[in-house]
Amino acid sequence: MNARATKDGRRSLVGPAGVTLMLAIACIATLAVLADQWHKHAVKVSVDVRGVHFLTDGEILKAAGVPDTAVLADIPLEQVRSRVERLALVRKALVFREPPSTLVVQVEERMPLALVVNAGECDRVVDEEGYVLPLAPSAVPQTLPIIHAGYAFTLPPPGRPVSHRRLREALGMLRAIRCCGLEFYHLFSEISLAGKKDFILYTIDGGIPIYLRDTDRLPAVMRAFRTCWQILAAERGVEKLAYIDLRYRDQIVVRWLDSYPYDQPVVVDTTSILPD
């Protein structure tokens, strides 16, 4: 043990190591005081919520749970993001700092794809991934297509995805339609699940039935139909259309109300419109 003599002859245990330790303790104490002072004088954090449409800023702030006394550098970003993404209407959230005093919460909401009309049960709004949204039907645009089952089935609570096979197939069709453009997507008012295998789409103008079935070629089928629809509308108008059948490979069957004889539909070769 290091020791040195004092003026009165006694020996001291304070050596170079002891001096170093005392200096370290003093430095730590000084840093603690400075940190406390910095916290006391830190600028109050403001939370900037971005990207909300159906949710309110207040709902995001409540979920984020950032206290009024928070210091920007101390806020756990991943914890805030996780809490915000627990909201049923939030698909994804991004949380980051904008010094000196702003915390940004960028939200991507789940957007409605269709309104499910469930006979005998509550109607529900669903997004493109099949998640049930906590939205009242009156809160969504009137142009939102309706999925009509014609029978009752169980839907999960808001925030959970649907598992009903036919419903998920119908949602897949609407996704394929929307990929062709919003204007084309808004052409349809309803999709019916009444058939055992096939589906029936109805147009907003005239309620013209469009027969189709689920297939891995559906995106190409819908692109061909979009082009065919534009041609029909330009050449003859669509007011006298009886129906359009998209269930055949590489062709579209069109029947007109004024065709003679009525039982002879017009077959359109889609390979000449849009090669697959």
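Every number here is computed from the coordinates shown, using simple stated rules; none is lab data. This is a predicted model, so every value here is computed, not measured. In this analysis, Cβ positions are derived from the backbone assuming ideal geometry, glycine residues included, and neighbour counts consider all displayed protein chains.
Values as computed for the structure displayed
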{"quantity": "Efficiency of FRET from Cβ geometry, residue 204 and residue 68, R₀ 45 Å, rounded to 0.05", "calculated": "0.35"}
{"quantity": "Pairwise centroid distance, computed over Cα atoms, of segment 55-134 with segment 187-262, Å", "calculated": "38"}
{"quantity": "Estimated translational D of segment 112-272 in µm²/s (Stokes, Kirkwood radius over Cα pairs; 25 °C; 0.890 mPa s)", "calculated": "149"}
{"quantity": "Nearest-20 debye value, segment 46-109 charge dipole, Cβ charges on Lys, Arg, Asp, Glu", "calculated": "180"}
{"quantity": "Per-peptide average of other Cβ atoms within 10 Å, ordering 136-145, 159-168 highest first", "calculated": "159-168, 136-145"}
